[in-house]
């Protein structure tokens, strides 16, 4: 399969950049204030507020670190149109033995939302779809066993 880094749409990249900015400029200050207040309550060993504030600080710093790493290595994906499935493609598939077509947009894992029709390229189906052509059938392994699909359309 393709790539290094996380595949993101331009919109998702901007959304995550704004979240990172907010976490650094606003949430860090809020957490630091909570920590200072909790310290002022005295005995840190039995201070629930202090331990809660430290936990919030650790979670915040972890999220900031993850966002920075993701944004640094992000690959901005463009809408992909063509005859071969790739990141950014909108693909209609049909499972063998059914008559129902299902359409997905192939996205990076950070944006995947199956209810919205956004399928991660790291999912079993998303991975199996990569580099397929219209009309091609393929089989892949799922947690429930083998599944067979056909590519109906690539937009």
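The values are calculated or read from the model by the stated rules, or taken from the named source; none is laboratory data. Being a predicted model, the structure only gives us computed values, none of them experimental. Cβ atoms come from the backbone with ideal geometry, glycine included; neighbour counts cover every protein chain shown.
Here's a check for you: in the range 103-123, which residue that is in contact with a helix residue (DSSP H, G or I) (Cβ under 7 Å, 6 or more places away or on another chain) and assigned to a helix (DSSP H, G or I) is surrounded by the fewest Cβ atoms within 10 Å (Cβ to Cβ)? Before the answer, list the steps.
Quick first cut of the range 103-123, residues in contact with a helix residue (DSSP H, G or I) (Cβ under 7 Å, 6 or more places away or on another chain) only: 106, 110-111, 118-122.
Still in the running and assigned to a helix (DSSP H, G or I): 110-111.
Working: 110: 17, 111: 21.
Among them, the one singled out is 110.
This table checks each residue for (1) farther than 13 Å from residue 84 by Cα; (2) without any contact (Cβ under 8 Å) to a residue 60 or more places away in the chain.
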| site | (1), (2) |
| --- | --- |
| 111 | yes, no |
| 124 | yes, yes |
| 128 | no, yes |
| 153 | no, no |
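Scan the range 39-60 and tell me whether some residue there is within 27 Å of residue 76 (Cα to Cα) and modelled with pLDDT of 95 or more.
First, the residues of the range 39-60 that are within 27 Å of residue 76 (Cα to Cα): 59-60.
Still in the running and modelled with pLDDT of 95 or more: 59-60.
The answer is yes; a qualifying residue exists.
Listed here are the residues, each with its yes/no results for (1) in contact with a helix residue (DSSP H, G or I) (Cβ under 9 Å, 6 or more places away or on another chain); (2) assigned by TED's automatic domain parsing to the domain that holds residue 150.
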site: 15; (1), (2): no, no
site: 27; (1), (2): yes, no
site: 47; (1), (2): yes, no
site: 101; (1), (2): no, yes
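Answer with yes or no whether residue 126 is within 16 Å of residue 154 (Cβ to Cβ), in contact with a strand residue (DSSP E or B) (Cβ under 7 Å, 6 or more places away or on another chain) and in a helix (DSSP H, G or I).
yes
Kindly indicate whether residue 75 is in contact with a strand residue (DSSP E or B) (Cβ under 6 Å, 6 or more places away or on another chain), at pLDDT below 90 and surrounded by fewer than 16 Cβ atoms within 10 Å (Cβ to Cβ).
Yes; evaluated as a whole, the condition is true for this residue.
Given 67, 60, which one is under 18 Å from the mean Cα position of the chain (by Cα) and buried (at least 17 other Cβ atoms within 10 Å of the Cβ)?
Numbers: 60 fails: under 18 Å from the mean Cα position of the chain (by Cα).
From the options 67, 60, the qualifying one is 67.
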